[in-house]
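The values are calculated or read from the model by the stated rules, or taken from the named source; none is laboratory data. Treat the numbers as computed from the prediction; the structure is a model and nothing was measured. Quick reminder, even Gly has a Cβ in these numbers, built from the backbone with ideal geometry, and neighbours come from all protein chains shown. Quick note on the areas: whole protein, heavy atoms, side chains included, nothing else; ligands and nucleic acids left out. Shrake-Rupley method; radii C 1.70, N 1.55, O 1.52, S 1.80 Å.
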Amino acid sequence: MLICVERIFKILFILRLSLFVEADEELYLLKRLDTNELRCIYRDDQGHKVGLAWILHPDTNHSSSELHRLSSPSTWIHEPPQFDMTYWEDRAQYSMDDLPSFPPFLDGSWNNLRQIYSRPGHYTKILSSPSWFKELHLSVMTKNDAQIMLTNSGHDMLEITFDSNDNHGYLTVQFCQGVSGDKPVCELLQSAKTFNEDGYLKKGKEWVHFRIKLEMINSQTMKSIEIADAKNGEVLLNSTRMVKFHESHEITLLVRSATSTGSWRFHEDSREPVLLHGGSGGESIVMLNLTSSSSTDSHCLQISYYLREGFGSAFVRTSHATYPLMADDGKWIQRNINFYSFKPSMEKLIFGLPDVNVSQHGHVFAMHRKFTNCTLYDVMYLELKLKDEQPIDSTIGCQTISYKSTERFASLKSTASLEAYSECGDSSTLFGRSCRISCTPFAGGPMCDELIMCDRDTCKCLPGKHNKDTACEPDTRDKKINEAPLEEHKIGNEEFLKDYNTIKELRNKLDEDGGGHGSYWIFIILCVISWALNFVLLALIFLKSQANQYVPLRTTDLNEADDISFAE
């Protein structure tokens, strides 16, 4: 009867794994042995879409990387969605100084931002506007001394500096006058200090993201400037000192890194097509021409939207269901929309959005114009090709770009570990914790034996023969590794396993002593509980599998780099 006790603990153990342990994300860096090519690969069981970025010295001579997606879409969109433009406005029609506020693009859309490089000691012009900007989101990777300058035709300048050489860990804002002359006059408006030893810029070891917000009384008077962490909204600096500028017809945004090369991406400079809801009440219809590639005659699409909090509810409706749209001021949200119809078909989406006075409150709803297909099995990757046969720097790495507080990282090492790769048993064509990532797209064939796989901590040779010159020995896997005890899986369940072993010892002791009548009734009750938990477990796992709403954006073959020019 003590089997019932063991069953209860096993069920609780599975519940803890399936319901309370976050699904594994996988990020790897693959190196081919026969070429100067690297690939940064991301996969997640829940299908979350993130951006991917290289961590490398900007002076590295490499070709433009691209973001690819490997998936099996269930739905194809034959034509762009047909919007009733009576209710919508195109974001592209707004100038930079009048652009409505949006959250930063910290998801798959990040790879659609133009990347710009700044050379040490040189000013690089990013963009210009007829009047002062209201809000800017930027991503930057540089070792130290990142400067953002806003200047009005060379008369006055706001200078924002992160981690200067003289004051590492400090963020400062200065107002300078007469910058076009020989002796500009500057005054410090505000400074802030972080106690993070890596400073605000993390010493160039990863991409960081900031928001800069200006409050203007009129075209010549600034009331305040606020600088915040773009991920979590934490205000890093807020200056309320009023500043008076000279009159000007052009405001220019410049960046500079005094002693290191910098990589920059400005989110307001995005090429992502976005529509704004005009604020008029009523229902707006979007028509879609769809074909399903599945045998179920069903369609699934994903939309990416932004809804400000505090302006009422919103929904999107099909002929079969109504889907609520949740508000979140800090990020873009992805939502699955399901259709149940024959293929191919014209489908109708009906949006019910808040009735808002846009001139008074601003736009409260925006949406990516491109819809994407739903898929849970999704592999994203970036390619990096080094030019001129230069050796691969062992410090190169890559990271995710997301709204999460902590990103994932993978990096090369100077040598690969001689420890055998056995996570996928005898397979020589698959890799990763899930063993669902195929080597074929990355090795030029089905076998993994020309690849080295790195995560954050180690690099290992994938199964097969390797050249000894690359520190990879012929495959000598010990299959006993695949039979590792449960305790070796680092999932934080050591105490639970200890309790489970205690029950096993109790069973042995009762078997020896013969037990008692009271124990009989206890074990009967425990057996009933164990069967009930079985049904609960199955129900919860089923509900969890149906609850996944957020499916990644589809970004396929997006060019990362544009023409870059440097301003002295």
- Item | Largest to smallest principal axis extent of the C-alpha atoms in the stretch 308-412, angstrom | 58, 44, 24
- What ³J(HN,Hα) values, in whole Hz, does the Karplus curve 6.51 cos²θ - 1.76 cosθ + 1.60 give for the stretch 116-128 when θ = phi - 60°, with x put for Gly and Pro? 10, 10, 10, 8, x, x, 10, 7, 10, 6, 9, 6, 9
- At a Förster distance of 41 Å, what's the computed FRET efficiency of residue 197 paired with residue 420, Cβ-Cβ distance as r, to 0.05? 0.65
- Item | Under the Karplus curve 6.51 cos²θ - 1.76 cosθ + 1.60, θ = phi - 60°, whole-Hz ³J(HN,Hα) for the stretch 366-373, x wherever Gly or Pro sits | 9, 8, 5, 5, 8, 8, 10, 8
- Ranked packing of 421-432, 172-183, 147-158, most packed first, by mean Cβ within 10 Å: 147-158, 421-432, 172-183
- Under 1.5 on a/c is rounded, so check that first for the stretch 26-65, then, if it is not, pick prolate when a/b is larger than b/c and oblate when it is not; a ≥ b ≥ c are the square roots of the alpha carbon gyration tensor eigenvalues. oblate
- Message: Between residue 176 and residue 360, what is 0.36 nm times their sequence separation minus the Cα-Cα distance? Round to one decimal in nm.
- Response: 62.9 nm
- How would 186, 374 rank on accessible area, largest to smallest, probe 1.4 Å? 186, 374
- At what distance in nm do the modelled label points of residue 218 and residue 406 sit from each other, each positioned 7 Å from its Cα along Cα→Cβ? 5.2 nm
- Rounded to whole Å², per residue accessible area for the stretch 340-447 with a 1.4 Å probe reads 48 Å²
- Query: Given 306, 228, 246, which one lies farthest toward the positive end of the charge dipole of the stretch 210-306, if we put +1 on the Cβ of every Lys and Arg and -1 on the Cβ of every Asp and Glu?
  - Reply: 246
- Expected sort for 82-90, 359-367 on mean C-beta neighbours within 10 Å, highest first, is 359-367, 82-90
- Message: List the residues, sorted by chain then number, that are 5 or more residues from residue 127 or on another chain and whose placed amide H is less than 5 Å from its amide H.
- Response: 253
- To the nearest 0.05, how large is the calculated FRET efficiency for residue 97 and residue 447 if R₀ is 41 Å and r is the Cβ-Cβ distance? 0.15
- Which of the pairs 49/205; 125/203; 202/231; 31/387 have their Cα atoms more than 19 Å apart in this structure? 49/205; 125/203
- Task: Convert each backbone phi in the stretch 189-200 into a coupling constant with the Karplus relation 6.51 cos²θ - 1.76 cosθ + 1.60 (shift: θ = phi - 60°), then list the ³J(HN,Hα) values in order as whole Hz, x for Gly and Pro.
- Result: 8, 6, 9, 9, 10, 9, 9, 6, 4, 8, x, 6
- Message: On a 1.4 Å probe surface of the protein chains, which of 76, 132 comes out largest in accessible area, and what is the full order?
- Response: 76, 132
- The extension gain from residue 35 to residue 165, computed as 0.36 nm times the residue separation minus the Cα-Cα distance, is 43.0 nm
- May I ask you to order 49-62, 252-265 by the average number of other C-beta atoms within 10 Å around their residues, highest value first? 252-265, 49-62
